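**Student:** Structure provided below as C-alpha cells; questions to follow.
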Amino acid sequence: MSHPSVEKIKLDSRRLRGNIAEDLLDATTGSLSFEDQRTIKFHGSYQQDDRDLRDERRRQKLEPAHQFMIRIRAPGGVFTPQQWLKLDQIATTYANHSLRVTTRQTFQIHGVIKRELKATMQAINSAAMDTISACGDVNRNVLAASNPLQSALHAQVHDWAQRLSLHFKPATRAYYEIWLDEEKVAESGVEHEPIYGDAYLPRKFKIAVAVPPYNDVDVFANDLGLIAIVDGSGNLAGFNVAIGGGMGASHGIAAHYPRVGNVIGFVTPEQTLAIAEAAITVQRDLGDRIERKHARFKYTIDDHGSEKIVAMMQQRAGFSLQPARPFHFEHNGDRFGWIEGEDGLWHLTLSLPCGRIADTAGRPLLTGLREIAKVHEGEFRMTANQNVIIAGVPAAQRARIDALVAEHTLDRENNAPTAIERTAVACVALPTCALAMAEAERYLPGFLGVLEPLLDRHGLREAPILLRISGCPNGCSRPYLAEIALVGKAPGRYNLFLGGDHRGQRLNTLYRDNITEAQILEALEPLLARYAGERETGERFGDFLHRAGIVELPPYPTYRQIPVELQP
Ligand code: SRM
Ligand code: SF4
C-alpha cells in the first residue's frame with residue numbers, strides 16, 4: 001500500500017490534529033497510524049522502536065517494541081529547579097530512567113509507551129513546559145548563547161529566543177485539544193495559520209542566537225543565525241543575520257550537502273522579528289515540497305541564488321539590511337567549571353556524557369542532579385554541546401553544590417582523562433533512532449578509550465581537539481563542523497571527516513570512507529604525530545591540517561566557510 005506524502009498529510013491533518021486523539025485510544029497496537037506518526041512530530045514526539053529488540057521480536061512474531069520519544073520546547077535552554085525535578089519524575093515514571101540533553105539545548109525523554117503518552121504530555125505541561133513544534137516542519141527550538149559570563153547580555157539574548165519561539169509557534173489549538181483536553185475550537189479545526197499557511201513549512205527550520213566571542217550555539221549550522229552585535233556601552237545594537245546553514249547530508253549523494261550560513265547583513269532589534277519572518281515565509285513559498293531531502297532553506301537559497309532570496313526577504317520585511325558588522329568567535333565550545341558572571345552570581349558548567357543523564361555504575365548523574373535541583377535556587381541552562389550549567393549560584397551556596405557534585409561524581413572535567421573527551425559530542429543513534437546506520441552515543445566512550453593511548457603517545461592529552469560522532473549523515477551532532485568527525489556508514493564503520501575549525505566557521509572534509517575503528521586510528525596516528533611535532537603555538541588541529549595541506553575545503557557547491565573579511 002502506498003502512503004500519502006507528508007505534504008498531503010499536513011494538508012489533511014485539520015491543523016495538525018489528524019486522528020491522534022482517536023489513535024491513542026486504540027489498545028490493539030502500540031503504534032500510531034502512518035499519518036499520525038507524521039502529524040505527532042509537530043507535537044514534539046516521534047514514534048520509535050527499540051532497535052536492540054527488533055530481531056528478537058520479529059522472531060517471536062511480535063510487533064516492534066513501539067515507544068515514543070518526547071522533546072521539550074525550551075527556547076534558550078533554561079529550566080527552573082522545579083521543572084528539573086518534574087522532568088526527573090517523568091523520566092523515572094514514564095520513560096527509560098534517563099534525561100537526554102540535546103544539541104539544541106533541550107531535553108528528550110525516550111521509551112514512553114502509547115498508553116502513557118497523554119499522561120506524560122500532561123505531566124510536562126503541569127510544570128509549565130510544552131513540546132509544541134519541538135519537531136515537525138515548523139520553526140524548531142530556538143537556541144541562545146548559554147555563556148554564563150555575560151549575564152546581562154545573556155538575559156537579553158535569552159529573551160530573544162523566547163520571542164522568536166513564541167512568534168513562530170503554530171496558531172493551531174491541536175496540541176491543547178489532544179493532550180490537555182481543551183474544548184474543540186471548531187469541528188473542522190481550521191484556525192488561520194498566519195505565518196505557516198495550510199501546509200506549514202516544506203521542512204524543519206532552525207534559528208540560533210549567538211553572542212561573540214562564543215559560538216556555543218554553532219550559529220552557522222542554522223537556517224537563520226543571529227549574531228549579537230554589542231555597542232560601545234555593552235548594549236545590544238542588533239544582529240548580523242546569517243542564512244542557509246544546515247548539516248543534513250546523504251552518503252554518496254552530492255546534491256545533499258552540509259552548509260555554513262552566509263552572513264547577509266545587519267538588523268536592529270526592532271527589525272529582527274520582521275527579517276526572521278521574511279526568511280521563514282520565503283522558505284515557505286519557495287522551498288521544495290516534492291523532495292524532502294532537498295527541502296531545507298540552504299537548498300532554496302542555492303537554487304534561487306542568495307541575491308534573489310535576500311532581495312525577497314528585504315522586500316517582505318519592508319527595509320534594507322545594513323552592511324554586516326565585524327565579529328569574532330573564539331570557539332564553539334563550553335567553558336567548564338565555575339565562573340563568576342557580571343552580576344556576581346556563579347555558574348558551574350558540567351560536562352555530561354553526550355548529554356545522557358542517567359545513573360550508571362560509579363556515576364549517578366540522575367540522582368546527583370536531582371539532589372542539586374532540590375537545593376538550587378537559580379536555574380539550569382542546557383548548552384548546545386549537550387552539557388549543563390548550574391546557573392545563578394550565590395557565592396555562599398557554592399560549597400553546597402560542590403559537595404553534591406563530588407558526592408555523585410558529576411564533574412567529568414576532573415574525571416575526563418583528556419581534553420578531547422570533555423568537548424566531544426555524539427548524537428543519540430542506536431537503539432532509538434530509526435535512521436542510525438552505526439552507533440554514536442554508545443560508541444563514544446569506547447572510541448575515546450582507544451584514542452587515548454594514541455593521544456598519550458604524542459603528548460596530546462590536553463590538546464583541545466573537537467571530536468563529534470553521528471550515527472548517520474543527517475548530522476545531529478553537527479559533525480561537519482568538527483576537527484575530527486566520525487559519521488556512521490554501517491555497523492562498526494564510519495566516514496572520517498577532518499579539518500573543521502574550533503569556531504564553527506569552516507566545514508570539514510571527507511578524509512576516509514567507510515572504515516573500521518582500527519583504520520580510523522591508523523589514519524589519525526600520523527596526522528596527530530605531525531600535529532604534535534609541527535604545530536605552531538596555540539594552533540588547533542583543524543587549522544594545522546589546512547596549513548599543512550593535508551586537507552582542503554570540501555568540494556560542496558556553496559558556502560563552506562565564513563569569509564575571513566567579516567572577521568576583524
Ligand atoms: Fe536530528 C532526525 C536526534 C539535532 C539534523 N534527529 C533526527 C531524529 C528525530 C531521527 C528521525 O528522524 O527518526 C533523531 C532522534 C533520535 C533519538 O532517538 O532521539 C534526531 N537531532 C537529534 C538530537 C536529539 C541529537 C542529539 O544527540 O542531541 C538533537 C535534537 C535537537 C533538538 O532538541 O531539537 C538533533 N538534528 C540535530 C541537528 C543539530 C542542530 O540542530 O543544531 C541537526 C543538524 C542541523 C540541521 O538541521 O541541518 C539535525 N536530524 C537532522 C536531520 C537532517 C535534516 C536534513 O536537513 O536533512 C534528520 C533527518 C530528517 O529530518 O529527516 C534528523
Ligand atoms: Fe539519528 Fe542520524 Fe541524527 Fe544520529 S545523526 S540521531 S543517527 S538521525
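The values are calculated or read from the model by the stated rules, or taken from the named source; none is laboratory data. Computed from a predicted structure; not experimentally measured. All Cβ positions, even for glycine, are placed from backbone atoms using ideal geometry, and neighbour counts span all protein chains on display. When the accessible area is computed, the model is the full protein with side chains, heavy atoms only, and any ligands, DNA or RNA have been set aside. Shrake-Rupley method; radii C 1.70, N 1.55, O 1.52, S 1.80 Å.
**Student:** What GluC sites (Glu not before Pro) in the range 517-568 are in a loop by DSSP, with at most 11 other Cβ atoms within 10 Å of the Cβ?
**Tutor:** Here the GluC sites (Glu not before Pro) that fit, given the DSSP loop and packing criteria, are Glu536, Glu552.
**Student:** Using a 4.7 Å Cβ cut-off, which Cys residues in the chain lack a partner cysteine?
**Tutor:** Lone cysteines by the Cβ rule: Cys135, Cys354, Cys433, Cys472.
**Student:** Moving to a separate point now. Residue-wise, which Karplus ³J(HN,Hα) couplings in Hz belong to the range 33-40, taking 6.51 cos²θ - 1.76 cosθ + 1.60, θ = phi - 60°, and x for glycine or proline?
**Tutor:** 5, 3, 5, 5, 4, 7, 5, 5
**Student:** For the range 181-313, what % of the accessible area comes from carbon and sulfur atoms, probe 1.4 Å?
**Tutor:** Numbers: 2290 of 4370 Å².
The nonpolar share, carbon plus sulfur, comes to 52 percent.
**Student:** Hey, which lysines would be in cross-link range of Lys118, C-alpha to C-alpha under 26 Å, not counting anything within fewer than 8 residues on its own chain?
**Tutor:** Correct list for Lys118: Lys8, Lys10, Lys41, Lys86, Lys169, Lys184, Lys204.
**Student:** Using the heavy atoms of the protein chains and a 1.4 angstrom probe, tell me the accessible area per residue for the range 70-161 in square angstrom.
**Tutor:** Values: 2420 Å² over 92 residues.
Each residue of the range 70-161 exposes 26 Å² on average to a 1.4 Å probe.
**Student:** Could you list which residues have their amide H under 5 Å from that of Tyr511, counting only those 5 or more apart in sequence or on another chain, with H placed in the peptide plane?
**Tutor:** Amide H neighbours of Tyr511: Leu496, Phe497, Leu498.
**Student:** Let me ask something else. State the extension gain, in nm to one decimal, for the chain segment bounded by Ile339 and Glu517, taking 0.36 nm per residue of separation less the distance between their alpha-carbons. The partial results should precede the final answer.
**Tutor:** Working: separation 178, 0.36 × 178 = 64.08 nm, distance 3.74 nm.
Extending this stretch completely gives an extra 60.3 nm.
**Student:** Calculate for the chain the 222 nm mean residue ellipticity that helices alone would give, adding -39,500 (n - 2.57) per DSSP H run of length 4 or more and normalising by residue count, nearest 500 deg cm²/dmol. Write out the running numbers ahead of the final one.
**Tutor:** Working: 18 runs with 177 residues, N = 568.
It comes out at -9000 deg cm²/dmol, rounded to the nearest 500.
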